[in-house]
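Step one of this worksheet: look at the structure below.
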Amino acid sequence: MMTLVVFRIPTGTRAWIEDVAVDVAARRKGVGEALSREALRVALAHGARTVGLSSRPSREAATRPYQRLGLPPPAPTTADRRGPPRGVSPSTPDV
C-alpha cells in the first residue's frame, strides 16, 4: 500500500510519496520497489517535476527500494508527533 499525491504549485507539478507499507509476508520480494517504481511512473505521467518522500533514517529496510531506483536518501520525517504543536489548541477558524 502507498499514497501518491500529485499537485500543482506556481512553479510546476510536484508529487509526494507517503505511507508505503508492505505486508510482512511480502517483504524482501521486490514489492516495495515495484510500488515505488509505479508511483514514479504515474507521477511523471502527470507531469511531476519532482517527487518527494520521507522516512526515518533508522528505517534502513524502508529506504532500500528508493536506493535501488537510484533516488537520493529520503528526507527525515519532519514531524512524527501526533496532534497540534505545543501551545497551539485546535479550533475551527472563523469563516
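Read-outs throughout are calculated quantities, based only on the coordinates presented, and are distinct from any laboratory measurement. It should be emphasised that the depicted structure is a prediction, and the values quoted were computed from it without experimental measurement. With ideal geometry, Cβ positions are generated from the backbone for all residues, glycine too; neighbour counts draw on all protein chains shown.
A Förster radius of 35 Å, combined with the Cβ-Cβ distance separating Thr50 from Ala25, puts the computed FRET efficiency at roughly 0.60.
Where does segment 3-68 land on Rg(C-alpha)/(2.2 N^0.38 Å)? Provide the component values of the computation, followed by the final result.
Values: Rg = 12.7 Å, N = 66, 2.2 N^0.38 = 10.8 Å.
So the Cα radius of gyration is 1.17 times the expected 2.2 N^0.38 Å.
Counting only Cβ charges, +1 for Lys and Arg and -1 for Asp and Glu, the dipole size of segment 3-68 around its Cα centre is about 180 debye. Quick check: Cα centre of segment 1-20 to Cα centre of segment 39-74, how many Å? Distance between centres, Cα-based: 11 Å.
Note on Thr13, Thr50: ascending count of other Cβ atoms within 10 Å places them as Thr50, Thr13, the fewest first. Positive-end ranking of Leu40, Thr3, Ala21 along the dipole of segment 3-68, with charges on Cβ about the Cα centre, is headed by Leu40.
Near the amide H of Leu53, within less than 5 Å, lie the amide hydrogens of Ile17, Ala75, all on another chain or at least 5 residues away, with H placed in the peptide plane.
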